[in-house]
Amino acid sequence: MNYDRGIIYAKVQKAEIADVTRIMEGYEHLALVSTVKASDGIIKLLGTPDTVADVLLILNNLPFPVEIMENFTEGE
């Protein structure tokens, strides 16, 4: 897990990447969204250790499935 650095990896449907980005933009200063692998719907949320709990709460309550990838390492 990269939570100690404020990084969360997640997987969503490809079509939902833009929605996650817009939603997180609405919560200013919590996390920036970066696409790791668009074809697989893998995204990275860059926050801080202090914002991880809030970001996870938001992700777990979105109206579409979000898989938190706790053991993901970029470059796999």
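Just so you know, all these numbers are worked out from the coordinates, no wet-lab data involved. The structure displayed is predicted, hence computed values, not measured ones. In this analysis, Cβ positions are derived from the backbone assuming ideal geometry, glycine residues included, and neighbour counts consider all displayed protein chains.
Numbers at a glance
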read-out	value
First in the range 5-23 and in contact (Cβ under 8 Å) with a residue 40 or more places away in the chain and under 12 Å from Leu59 (Cα atoms), second anywhere and small (Gly, Ala, Ser) and part of a strand (DSSP E or B), Cβ under 8 Å, 6 or more apart	Val20/Ala10
Residues satisfying the stated conditions in the range 46-61, i.e. in a helix (DSSP H, G or I) and either in contact with a strand residue (DSSP E or B) (Cβ under 9 Å, 6 or more places away or on another chain) or touching a residue at least 24 places away in the same chain (Cβ under 8 Å) (or both)	Val52, Asp54, Val55, Leu56, Ile58, Leu59, Asn60
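Residue-wise test of (1) surrounded by 13 or more Cβ atoms within 10 Å (Cβ to Cβ); (2) in a strand (DSSP E or B).
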{"position": "Asp4", "(1), (2)": "no, no"}
{"position": "Ala15", "(1), (2)": "no, no"}
{"position": "Ala18", "(1), (2)": "no, no"}
{"position": "Thr21", "(1), (2)": "yes, no"}
{"position": "His29", "(1), (2)": "no, no"}
{"position": "Val36", "(1), (2)": "yes, yes"}
{"position": "Lys44", "(1), (2)": "yes, yes"}
{"position": "Thr73", "(1), (2)": "no, no"}
